[in-house]
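S.K.: Just dropping this structure here.
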Amino acid sequence: MLTQLQEKYGIEFTVVGDEDLENYGLFAGATYTCDVAQIDAPDQVTTVLVSQTMYQDVRDGYAVNFFKEEAEAPVLELCETKDYVIDQRISLEMPGMARAGTAEDELERFLAESGGYVKLVLRFTDDLDTETYAEYLYDFLNSVDQLECNLPLQAKANKIYIFHEELNILDGFDASTYTVEDLRQEIEVFLSMGAPQ
């Protein structure tokens with residue numbers, strides 16, 4: 001696995017934790033996953049998977065390190081234009097892929113081919129009414145069309161998730177399908193279920 005990673009990226013890696021070996025039987029075989037980091041950049045950790053059958057070529061998400069700043073910056077800029085967003089958590093993520101992403105790839109190509117997305121968690125002021133939160137979300141949803149990435153979007157208030165939606169912006173996301181009233185009802189459902197914290 002480490003040899004394949006080195007061949008793939010031209011960089012030496014080391015195992016840094018969370019090792020797991022599962023044997024799925026005669027037909028699927030054994031699958032090994034672990035966290036690895038570049039030897040000279042131990043903070044750049046990614047999960048790697050390799051198996052006896054389906055994924056003999058190592059699958060990993062290391063390429064996010066080449067695009068992280070460029071992909072996250074427009075999302076952060078959008079959040080900073082919204083007074084009602086008091087904090088945000090932004091992270092470029094991707095499923096493991098066999099092809100090596102490189103720093104020479106363009107961000108647009110990387111996002112299209114890797115299945116990469118920018119995960120966003122918005123934090124709103126606590127103890128507001130659901131109508132206000134719905135208005136915030138409505139405004140935000142009508143602003144994301146300027147982004148050029150898919151966006152799993154979550155919103156939190158009072159330490160509870162009040163909204164979760166996968167926004168497939170690259171596939172023609174349409175904010176006009178949302179109304180403030182629909183969003184308010186959705187928030188109320190989240191609150192009534194005691195959404196995971």
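S.K.: When the gyration tensor of region 77-182 is built from Cα positions, what are the square roots of 5 times its three eigenvalues, in whole Å, from largest to smallest? Write out the running numbers ahead of the final one.
M.R.: Numbers: eigenvalues 159, 43, 27 Å².
Working through the eigenvalues yields semi-axes of 28, 15, 12 Å.
S.K.: Whole-Hz ³J(HN,Hα) for each residue in region 89-94, computed from phi via Karplus 6.51 cos²θ - 1.76 cosθ + 1.60 with θ = phi - 60°, x for glycine and proline: what do you get?
M.R.: Coupling constants for region 89-94: 10, 10, 8, 6, 9, 7 Hz.
S.K.: What do you get when you divide the Cα radius of gyration of region 128-197 by 2.2 N^0.38 Å, with N the number of residues?
M.R.: Working: Rg = 12.1 Å, N = 70, 2.2 N^0.38 = 11.1 Å.
The value comes to 1.09.
S.K.: With axes computed from alpha carbons, what is the tilt in degrees of helix 64-80 against the longest principal axis of the chain, rounded to the nearest 10 within 0 to 90?
M.R.: So the helix axis and the longest Cα principal axis differ by about 10 degrees.
S.K.: In square nanometres, what is the average projected area of the Cα convex hull of region 1-97?
M.R.: On the way: hull surface 31.2 nm².
Result: 7.8 nm².
S.K.: Of all the accessible heavy-atom surface of the chain, with the other protein chains kept in place and a 1.4 Å probe, what percent is carbon and sulfur? Please report the intermediate quantities before stating the final value.
M.R.: Numbers: 5090 of 10940 Å².
Carbon plus sulfur share of accessible area: 47 percent.
S.K.: Now for a different question. Express the relative contact order of the chain as a whole percentage, based on alpha carbon pairs under 8 Å and six or more residues apart in sequence. Please list the in-between numbers first.
M.R.: Details: 339 pairs, mean separation 26.4, N = 197.
Result for the chain is 13 percent.
S.K.: Turning to a different aspect of this structure: Please compute the per residue accessible area over the chain with all protein chains in place, 1.4 Å probe, rounded to a whole number of Å². List each step's numbers first, then the result.
M.R.: On the way: 10940 Å² over 197 residues.
Computed with neighbouring chains in place, this is 56 Å² per residue.
S.K.: Using the crude model of +1 on Lys and Arg Cβ and -1 on Asp and Glu Cβ, and no other charge, please compute the dipole size for region 1-98 relative to its Cα centre, in debye to 20. It would help to have the intermediate numbers written out before the result.
M.R.: Working: 5 positive and 19 negative charges, 69 e Å.
Taking the Cα centre of region 1-98 as origin, the dipole is about 320 debye.
S.K.: Follow-up question, since we're still on this one. When the dipole is taken about the Cα centre of region 100-197, and only Lys, Arg (+1) and Asp, Glu (-1) are charged at their Cβ, what size is it in debye, to the nearest 20? Intermediate values should be presented prior to the final figure.
M.R.: Numbers: 6 positive and 21 negative charges, 96 e Å.
For region 100-197, the charge dipole is close to 460 debye.
S.K.: From the C-alpha coordinates alone, can you work out the Kirkwood hydrodynamic radius of region 32-85, in Å? Mind showing how you got there, number by number?
M.R.: Details: mean 1/r = 0.0734 Å⁻¹.
Value: 13.6 Å, from the Cα pair sum.
S.K.: Starting from the Kirkwood Rh over alpha-carbon pairs, what translational D in µm² s⁻¹ does region 1-53 have by Stokes-Einstein at 20 °C and 1.002 mPa s? Display every interim value, and only then the final one.
M.R.: Values: Rh = 11.7 Å.
Approximately 183 µm²/s, per Stokes-Einstein.
S.K.: Out of the chymotrypsin sites (Phe, Trp or Tyr not before Pro) in region 1-48, which ones are loop residues according to DSSP with at most 16 other C-beta atoms within 10 Å?
M.R.: Details: sites: 9, 13, 24, 27, 32; in loops: 24.
Loop-located and lightly packed - 24.
S.K.: Could you list which residues have their amide H under 5 Å from that of residue 29, counting only those 5 or more apart in sequence or on another chain, with H placed in the peptide plane?
M.R.: Under 5 Å from the amide H of residue 29: 24.
S.K.: Along the charge dipole of the chain, which of 29, 84, 120 sits closest to the positive end, that is, farthest toward it, with unit charges on the beta carbon of Lys, Arg, Asp and Glu (+1, +1, -1, -1)?
M.R.: My answer, from the dipole projection, is 29.
S.K.: Right, next: Between their Cα atoms, which of 68/119; 68/159; 119/156 are more than 19 Å away from each other?
M.R.: Long pairs (Cα-Cα over 19 Å): 68/159.
S.K.: For region 150-159, in order, what is each residue's ³J(HN,Hα) by Karplus, 6.51 cos²θ - 1.76 cosθ + 1.60 with θ = phi - 60°, in whole Hz (x at glycine and Pro)?
M.R.: Couplings: 6, 9, x, 10, 10, 10, 10, 8, 6, 6 Hz.
S.K.: Which ³J(HN,Hα) values, rounded to whole Hz and listed in residue order, are derived for region 107-113 from phi using the Karplus coefficients 6.51, -1.76 and 1.60 in 6.51 cos²θ - 1.76 cosθ + 1.60 with θ = phi - 60°, glycine and proline given as x?
M.R.: Residue by residue, region 107-113 yields 4, 4, 5, 4, 5, 5, 8 Hz.
S.K.: Sort out the exposed loop trypsin sites (Lys or Arg not before Pro) in the chain (DSSP loop, at most 13 other Cβ within 10 Å) and tell me the longest stretch that has none. Could you put the intermediate results ahead of the total?
M.R.: Values: sites that count: 99, 159.
Formally, the longest exposed-site-free interval is 1-98.
S.K.: Place the peptides 17-23, 71-77 in order of packing, highest mean first, counting for every residue the other Cβ atoms within 10 Å and averaging per peptide. Walk me through the intermediate numbers first.
M.R.: Values: 17-23: 10.3, 71-77: 16.4.
Highest-to-lowest ranking by the protection proxy: 71-77, 17-23.
S.K.: Per 10 Å bin, what percent of the C-alpha pairs of the chain does each bin hold, from zero upward?
M.R.: 8, 29, 27, 22, 12, 1
The values are calculated or read from the model by the stated rules, or taken from the named source; none is laboratory data. Computed from a predicted structure; not experimentally measured. Don't worry about glycine lacking a Cβ; one is built from the backbone with ideal geometry, like all the others, and counts go over all protein chains shown. Each accessible area value is taken on the protein alone, full model and side chains, heavy atoms only, with ligands, DNA and RNA left out. Shrake-Rupley method; radii C 1.70, N 1.55, O 1.52, S 1.80 Å.
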